[in-house]
Amino acid sequence: MATYVVGDIQACLAPLPPLLEKASFNPDTDQLWAVGDLIGRGPQALETMQFLHNLGSSFNTVLGNHDLHFLAVYAGIKRDKPSDGFQALLTSPDIDVYVDWLRSRPLAVLLDEGTFLSHAGLYPGWQFSDALYWAGQVSEALTSDKWQDLLASMYGSEPKAWHDCTSHQEKLIFTINCLTRMRFVSASGQLDLQTKSGLLSPPTDKHPWFSHPSLMLLPEQKILFGHWAALEGHTGNAQCLALDTGYIWGGTLSLYKLESATFYRIEQQ
Ligand SMILES: [Mn+2]
């Protein structure tokens, strides 16, 4: 059995089957994880969900910001904009199956003892165990009867730092922001959720989370994440692997095989 992790698909289904074939992925014996943002902006949201869901237990994902946004649109919290590309999926007869399935996906997982996976990364100052605990608390809310309440309150960028969170609800929202939206973090631990640039022009006094002085990784630990296409797959930190190589923006779709530490990529068709 091999474990593979695919970057942000964002409803671009076309490159996925040839990429899986290139890497000799076998759904009967192997496990495929996605870094989240399965859908959002791209042309084939319904077909992508059908394809991934048909992989059954050989596929799993952590949730990305676009996946959570989709749940908010489904719940009527946010308006369905054509640019989201959700229309055909929202009117599918199987929509409830997909929604229930997405709601029960985690925000973070350990793929093996030392490999952490989330959509955006790990908050500097948190250990894997902190992120997994709070991701579990978010999942508890997302799978409860009142799941819409959390999604309705998640839009916005406050609180900015973990030490500013007072209520349980604020801790859940901060966890969602760290695990699905984070890029740059200030020296004192404040999230900058506005800047989307790459590493050439970082905002003043802020660090990409993966080179933040408070990020503490043991030598055998690794983080796999997506979300940040402007990195073009480069972090400068061998322990933090960026898998969003921006297929939706004209780049490539990336797949990583854990056991051999091998990358596979598919260019635009
Ligand atoms: Mn994202």
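Summary of computed values
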item: Enumeration of residues in segment 107-122 that are out of contact with any helix residue (DSSP H, G or I) (no Cβ under 6 Å at 6 or more places or on another chain) and either open to solvent by less than 40 Å² (accessible area, probe 1.4 Å) or of a type in the set (S, T, N, Q) (or both); result: 109, 111, 114, 115, 117
item: Condition broken by residue 150, with the remaining ones in (1) in contact with a helix residue (DSSP H, G or I) (Cβ under 8 Å, 6 or more places away or on another chain); (2) open to solvent by less than 20 Å² (accessible area, probe 1.4 Å); (3) over 20 Å from residue 72 (Cβ atoms); (4) away from the ligand (no atom under 16 Å from the Cβ) satisfied; result: (3)
item: Residue list for segment 58-80, restricted to those being of a type in the set (D, E, K, R) and not in a helix (DSSP H, G or I); result: 78, 79, 80
item: When residues of segment 247-269 are limited to those that are within 16 Å of the ligand (Cβ to nearest atom), open to solvent by less than 40 Å² (accessible area, probe 1.4 Å) and touching a residue at least 24 places away in the same chain (Cβ under 8 Å), the one nearest to residue 121 (Cα to Cα); result: 254
item: Tally of residues being over 22 Å from residue 169 (Cβ atoms) and surrounded by 16 or more Cβ atoms within 10 Å (Cβ to Cβ) across segment 123-136; result: 2
item: Number of positions in segment 29-72 that are closer than 20 Å to residue 92 by Cβ, within 16 Å of the ligand (Cβ to nearest atom), out of contact with any His (no Cβ under 8 Å at 6 or more places or on another chain) and open to solvent by 10 Å² or more (accessible area, probe 1.4 Å); result: 2
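The values are calculated or read from the model by the stated rules, or taken from the named source; none is laboratory data. What you see is a predicted model, and the numbers here were worked out from it, not measured in a lab. Every residue, glycine as well, gets a Cβ built from its backbone with ideal geometry; the counts of neighbours run over all protein chains shown. We work out accessible area using only protein heavy atoms, side chains counted, and drop any ligands, DNA or RNA first. Shrake-Rupley method; radii C 1.70, N 1.55, O 1.52, S 1.80 Å.
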